[in-house]
Amino acid sequence: MDKDAKRLLMQLYEEECFINPLDKVEHPKPAISFGYKEYDTKDGTVNYPTPIGTYGNISVIQAPPKSKKTFFVSLLSAVYLAEDLKPFAGDLKANRDNKHIIHFDTEQGVFHAANVFKRPIEMTGIKTDKYHTLALRHLSASDRIDFIEYYLYDKLDATDVGLVIVDGIADLCSDVNNIEESNLVVQKLMKWSKELNCHIITVIHSNFGTEKATGHLGSSLYKKVETVISLELNTVNKDLVTVSCKMSRNTSFETFSFKVNSFGLPQIQGAFYDPLKDLF
């Protein structure tokens, strides 16, 4: 790149990056929220939804293996499709505005991925061409990144992308402890979420015996995401999964629980006290 071209690029970056601290910047709209919080304003007390994730940002779901992560992803997908799904989702709400939801699964074969993809339709009864489901297990790590970018930018109208789910974000790296690869993946997520003004939910395993997400990729994600969502099997009732906010750049949402009902579908159970959790 010659000197003049580089100067033009830097001027473009300046325009993109400059923030006037005197300008009013609106809070980004929640893509998915859980409950409400009261705030005192000059116009009186108002209720605002407590975001799990807002447009233009990234969140991460972290949990140990076999903690029903894909069921929770199905719950979020169903809520986003229906926007309000009280029987299954309680106080979970969404603002879809008729945007697309795209679910990329990197871990499962066709049969098991299809079972996951069907759950939101079974929960909502909604059949729409704006719910996209793709299984990428057979692709290489670099091809998965290229395909996701192609699908978001070339396959769809970029202004209509709402919620993107990458279940198995670690599979976008050949080595989650490789700093260069991990940083590239996180940089792509930030680029996609900003340019498309969508919310991206990523799913990653916790390191065995700890609450930390896997590898350098997990550490890099923590630095950039809006919300860290943790799933834990309840110590008293193993049928329940506790969902808590480990970190948020907004007000943290209240802890809640869900279970898989007799029809094999996730269903919120509300707040659940776990008396043994603090003993271990």
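The values are calculated or read from the model by the stated rules, or taken from the named source; none is laboratory data. These numbers were taken from a predicted model, which means no experiment stands behind them. Reconstructed Cβ throughout: ideal geometry from the backbone, glycine too, with neighbour counts over all protein chains shown.
Give me the pairs, please: first residue somewhere in region 259-278 and under 19 Å from ASP84 (Cβ atoms), second residue anywhere and surrounded by fewer than 16 Cβ atoms within 10 Å (Cβ to Cβ) and at pLDDT below 50, beta-carbon distance under 7 Å, and either six or more positions apart or on two chains.
Going by the 7 Å Cβ cut-off, there are no qualifying pairs.
Cβ-Cβ distance below 6 Å, separation of 6 or more or different chains: which pairs start in region 130-157 with a residue that is over 16 Å from THR202 (Cβ atoms) and at pLDDT 95 or above and end on one that is of a type in the set (Phe, Trp, Tyr) and part of a helix (DSSP H, G or I)?
THR133/PHE117
Which of the residues spanning region 113-129 are buried (at least 18 other Cβ atoms within 10 Å of the Cβ) and free of Cβ contacts under 8 Å to residues at least 24 places away in the same chain?
Let us first name the residues in region 113-129 that are buried (at least 18 other Cβ atoms within 10 Å of the Cβ), namely 113, 116-117, 119-120, 123-124.
The answer is PHE117, and nothing else.
Right, TYR55: surrounded by fewer than 22 Cβ atoms within 10 Å (Cβ to Cβ), under 14 Å from the mean Cα position of the chain (by Cα) and more than 21 Å from LEU172 (Cα to Cα) or not?
Working: surrounded by fewer than 22 Cβ atoms within 10 Å (Cβ to Cβ): yes; under 14 Å from the mean Cα position of the chain (by Cα): yes; more than 21 Å from LEU172 (Cα to Cα): yes.
Answer is yes for this residue.
Of all residues being of a type in the set (Phe, Trp, Tyr) and touching a strand residue (DSSP E or B) at 6+ places or on another chain (Cβ under 6 Å) in region 83-112, which is surrounded by the most Cβ atoms within 10 Å (Cβ to Cβ)? Just the residue, please.
So, considering only residues that are of a type in the set (Phe, Trp, Tyr) and touching a strand residue (DSSP E or B) at 6+ places or on another chain (Cβ under 6 Å), the one surrounded by the most Cβ atoms within 10 Å (Cβ to Cβ) is PHE104.
When only residues in region 143-202 that are acidic (Asp, Glu) and within 18 Å of the chain's Cα centre (by Cα) count, which is surrounded by the most Cβ atoms within 10 Å (Cβ to Cβ)?
Initial filter on region 143-202 (acidic (Asp, Glu)): 143, 146, 149, 154, 157, 160, 167, 171, 175, 180-181, 195.
Cutting the leftovers down to within 18 Å of the chain's Cα centre (by Cα) gives us 149, 160, 167, 171, 195.
On the way: GLU149: 13, ASP160: 13, ASP167: 24, ASP171: 21, GLU195: 13.
Per the stated criteria, the residue is ASP167.
Give me the residue from region 204-230 that is modelled with pLDDT of 95 or more and hydrophobic (A, V, I, L, M, F, W, C) and, out of that set, nearest to ILE179 (Cα to Cα).
Ranking the qualifying residues of region 204-230, first place goes to VAL225.
So, VAL73, is that one at negative phi, modelled with pLDDT of 95 or more and aliphatic (A, V, I, L, M) or not?
Considered against the rule, which asks whether it is at negative phi, modelled with pLDDT of 95 or more and aliphatic (A, V, I, L, M), VAL73 comes out as yes.
Could you check, for region 1-18, whether at least one of its residues is surrounded by 11 or more Cβ atoms within 10 Å (Cβ to Cβ) and within 23 Å of the chain's Cα centre (by Cα)?
No - not one qualifying residue is present in region 1-18.
Looking only at region 19-41, filter to residues that are touching a strand residue (DSSP E or B) at 6+ places or on another chain (Cβ under 8 Å) and hydroxyl-bearing (Ser, Thr, Tyr); which one of those is surrounded by the most Cβ atoms within 10 Å (Cβ to Cβ)?
Only one residue fits best here, namely SER33.
Can you work out which of the residues in region 22-47 that are in a strand (DSSP E or B) and free of Cβ contacts under 8 Å to residues at least 12 places away in the same chain is farthest from the chain's Cα centre (by Cα)?
GLY44
Would you pick out the residues in region 140-160 that are closer than 12 Å to PHE104 by Cα and among the aliphatic types (A, V, I, L, M)?
Those that are closer than 12 Å to PHE104 by Cα and among the aliphatic types (A, V, I, L, M): ILE145, ILE148, LEU152.
Looking only at residues in region 228-256 that are among the charged types (D, E, K, R) and more than 16 Å from ALA213 (Cβ to Cβ), which one is surrounded by the most Cβ atoms within 10 Å (Cβ to Cβ)? Break it down into steps so the answer makes sense when it comes.
Of the residues in region 228-256, the ones among the charged types (D, E, K, R) are 232, 238-239, 246, 249, 254.
So of that shortlist, the ones also more than 16 Å from ALA213 (Cβ to Cβ) come out as 238-239, 249, 254.
On the way: LYS238: 9, ASP239: 13, ARG249: 11, GLU254: 15.
The extreme case among them is GLU254.
Among the residues of region 107-156, count how many are in a loop (DSSP other than H, G, I, E, B) and among the hydrophobic types (A, V, I, L, M, F, W, C).
4
If the requirement is being more than 16 Å from the chain's Cα centre (by Cα), closer than 27 Å to LYS66 by Cα and at pLDDT below 95, which of these qualifies: ASP97, ASP91?
ASP91
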